[in-house]
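Structure record follows, encoded as structure tokens.
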Amino acid sequence: MGLIVTASMPADAKTQRNLRLGNSWEFQFEGNPSTGYTWQLDAAASTGLDLIELKSLGYTDGRKKRPGMVGAPAPFKFRITCTKPGYADLWFQYVGPTGKRSPERHEVWVRCD
């Protein structure tokens with residue numbers, strides 16, 4: 001596996017990243033696992049999905065900093081790996097357990113070369 005870079009980003013923002021082929025980038029959005037909401041790729045709104053591999057790594061345990069606290073926020077993590085050269089524009093949506101979409105969205109733009 002190539003280089004992995006990690007970043008944490010606020011919701012409702014656009015993030016841009018340049019990656020070399022074979023390299024990976026891990027990033028995360030804040031969420032709350034106790035609500036049942038998770039971050040999901042909006043494939044219909046995204047482009048360039050054939051240029052990358054995207055892996056959802058799920059929530060990391062944010063409760064370690066706040067033991068026993070119910071409803072504590074935690075980061076939801078993804079990993080992108082560039083597999084072909086080009087541009088990918090990815091949209092992520094905060095989605096509830098019933099499929100209800102929150103207004104929170106995040107755009108991630110990746111250039112693979």
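The values are calculated or read from the model by the stated rules, or taken from the named source; none is laboratory data. These numbers come from a predicted model, not from an experiment. Glycine also receives a Cβ, built like all others from the backbone with ideal geometry; neighbour counts cover every protein chain displayed.
Points worth noting:
- Taking first residues from region 37-48 that are touching a residue at least 24 places away in the same chain (Cβ under 8 Å) and partners that are part of a loop (DSSP other than H, G, I, E, B), the Cβ contacts under 7 Å between residues at least 6 apart in sequence or on separate chains come to 37/96.
- Here residue 86 fulfils each of the conditions (1) on the phi < 0 side of the Ramachandran plot; (2) modelled with pLDDT of 95 or more apart from (1).
- Residues of region 4-37 satisfying the condition of being charged (D, E, K, R), at pLDDT below 90 and under 24 Å from residue 51 (Cβ atoms): 14
- There is no residue in region 59-81 that is assigned to a loop (DSSP other than H, G, I, E, B), at negative phi and modelled with pLDDT of 90 or more.
- Condition check for residue 41: modelled with pLDDT of 95 or more and farther than 18 Å from residue 92 by Cα: no
- Of all residues in region 68-110, those satisfying the criterion of being touching a residue at least 60 places away in the same chain (Cβ under 8 Å) and among the hydrophobic types (A, V, I, L, M, F, W, C) are 80, 82, 92, 108, 109, 110.
- Residue list for region 44-58, restricted to those being on the phi > 0 side of the Ramachandran plot and in a loop (DSSP other than H, G, I, E, B): 48
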